[in-house]
Amino acid sequence: MKVLVIGVNTRHIACSASRAGYTVYTLNQFNDADLKTCSDRSVIYDMPDVHDLNLPELLQFIRTLLPVDFIVLGPGFEHLGNWLEEITKGNIPVLNNPPHIFNKISDKAWMAEKLKILNLPHPFTIPLDCLDTPEDWTGGYPAIIKPISGAGGMENRLVSDLKDLEMTMAMPECGQYLLQGYIKGTVTSVSIISTGKQAVAIAVNEQLAGIDTLTGMPFAYCGNITPTISEHNEWMCKTAINLAVELELVGSNGVDFIITDKGPVVLEVNPRFQGSIDTVEHSTGLNIFRLHYESFQGKLPVCGDIQCFSIKTIFFARRKFVVEKKVYDYLVKCYNKGTAADIPSIGTVCEKDEPVVSFLSDGKSKTEVVRQAGQLVSGLIDIIEDTHTEV
């Protein structure tokens, strides 16, 4: 069967589909070397602003990749299901959550109210434009400001006090953000497969964010470790399953938690493929894309034992630089060993704070994979500094 995967970054989805035996066509922004190996046909489309896509132009590129048996929408495109069904006249299934469900759940303010109704623990949350004055905020400091919709944590930042909040509320775009009580703890996610009526949890992962060796952004998602083991796993899995059924989610989805001293708190629901695909597949031996496809046929997986610990770390550019041969050769060497993914091509210009590459490692313990990942990252940093490829 032929599948077309469309998104800003499709490597993780496309390669999972390829491993499952599908013929894979892709349209995405990044010309990663490993995407080429798992795509039978690939179109690179420049997307300066994913929130302001030129749909007529995009349509021309999509048509060069048709016909296919079905379409899967990846990062930045999950909300376009209705548009794609319209342009294909409903003849090509789009295997994603329906846009009306995706859009509701992706609205963190709506989701906060839903969690309150369900009596689930969740940080105190309010849209910024619902505050008339900074004094109206009663959630304490520090607080955290987040986009109302969007993923990745790159725009998240702390609000330290009343004066900081006053300056934040003066921003013209403040209506696009919400304010949330800041909670310390370990961020985790539960990966689930759901049919809209039933769901099963397939993994519990530790989320990595703001790791200073990987990124200069304090809340940016920069990888994960599968599995994470805690006394709260059973409750988190049960809660994630109940939420998936309540929200009528279909396919591969995730629920984020933060484990505090007082127990786990629900952070948000991700009605989409997650960046944890790589580690979940390595750790469980499951193929997430196949399970995603089968869930639309009403099938749920039977999960077995965890096979290993697996880590993914995403390295962000500390400064603007060009990927030259030494960097590329190192990354390809890692890729050939199975320890790197999302490999940029030679000549790629990496802007400051943009993701450069993902490193992968498997082992018998969390300590082992963290150590291995650190060595891989250090090796890349040394080469970048030695080559002086700043532009």
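Quick grid of which residues meet (1) at pLDDT 95 or above; (2) open to solvent by less than 40 Å² (accessible area, probe 1.4 Å); (3) closer than 27 Å to Leu267 by Cβ; (4) of a type in the set (Ser, Thr, Tyr):
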| residue | (1), (2), (3), (4) |
| --- | --- |
| Tyr22 | yes, yes, no, yes |
| Leu27 | yes, yes, no, no |
| Ser39 | yes, yes, no, yes |
| Leu53 | no, yes, no, no |
| Pro56 | no, no, no, no |
| His79 | no, no, yes, no |
| Thr88 | no, yes, no, yes |
| Lys104 | yes, no, yes, no |
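In the stretch 119-207, counting only strands (runs of 3 or more DSSP E) that sit wholly within it, the ones holding 1 or more residues that are more than 30 Å from Glu281 (Cα to Cα) and open to solvent by 40 Å² or more (accessible area, probe 1.4 Å) span 157-159. Kindly provide the set of residues from the stretch 366-391 that are in a loop (DSSP other than H, G, I, E, B) and either open to solvent by less than 30 Å² (accessible area, probe 1.4 Å) or closer than 14 Å to Asn224 by Cα (or both), ordered by number. Hit for the stretch 366-391 is Thr389, nothing else. Only a single criterion out of (1) in contact with a Leu (Cβ under 7 Å, 6 or more places away or on another chain); (2) farther than 19 Å from Val94 by Cα is not satisfied by Ile62, namely (2). Taking the conditions (1) touching a strand residue (DSSP E or B) at 6+ places or on another chain (Cβ under 9 Å); (2) farther than 27 Å from Val349 by Cα in turn, Asp305 satisfies each one other than (1). Listed by position, the helices (runs of 4 or more DSSP H) contained in the stretch 8-85 that have at least 2 residues being touching a residue at least 60 places away in the same chain (Cβ under 8 Å) and out of contact with any Phe, Trp or Tyr (no Cβ under 8 Å at 6 or more places or on another chain) form an empty set.
Going by the structure shown, is Asp278 acidic (Asp, Glu) and touching a helix residue (DSSP H, G or I) at 6+ places or on another chain (Cβ under 8 Å)? So Asp278 fits the description; yes. Scanning the stretch 167-175 turns up no residue that is in contact with a Pro (Cβ under 8 Å, 6 or more places away or on another chain), among the β-branched types (Val, Ile, Thr) and at pLDDT below 90. Residue-level check: of (1) open to solvent by 20 Å² or more (accessible area, probe 1.4 Å); (2) closer than 22 Å to Ala109 by Cβ; (3) without any contact (Cβ under 8 Å) to a residue 60 or more places away in the chain, Ala240 misses just (1). Exactly one residue out of Thr228, Thr215 is farther than 19 Å from Asn96 by Cβ, of a type in the set (Ser, Thr, Tyr), within 17 Å of the chain's Cα centre (by Cα) and not in a helix (DSSP H, G or I): that is Thr215.
Just to be sure, is Gly298 in contact with a Gly (Cβ under 9 Å, 6 or more places away or on another chain), of a type in the set (Gly, Ala, Ser) and closer than 25 Å to Val356 by Cβ? No: the conditions fail for Gly298.
Of the listed requirements (1) over 19 Å from the mean Cα position of the chain (by Cα); (2) at positive phi, Gly76 misses just one: (1). Where helices (runs of 4 or more DSSP H) fall entirely within the stretch 266-343, those with at least 2 residues that are of a type in the set (Phe, Trp, Tyr) are at 288-295, 325-336. When restricted to residues that are surrounded by fewer than 21 Cβ atoms within 10 Å (Cβ to Cβ) and polar (S, T, N, Q), the stretch 280-319 contains 3. Hey, any hits in the stretch 5-16 for a residue that's open to solvent by 20 Å² or more (accessible area, probe 1.4 Å), aliphatic (A, V, I, L, M) and closer than 29 Å to Ser194 by Cα? Yes; the residues of the stretch 5-16 include at least one that is open to solvent by 20 Å² or more (accessible area, probe 1.4 Å), aliphatic (A, V, I, L, M) and closer than 29 Å to Ser194 by Cα.
The values are calculated or read from the model by the stated rules, or taken from the named source; none is laboratory data. Worth saying up front: this structure is predicted, and the values here are computed from it rather than measured. Note: ideal-geometry Cβ built from the backbone for every residue, glycine included; neighbour counts use all protein chains shown. Surface accessibility is based on the protein's heavy atoms, side chains included, excluding ligands, DNA and RNA. Shrake-Rupley method; radii C 1.70, N 1.55, O 1.52, S 1.80 Å.
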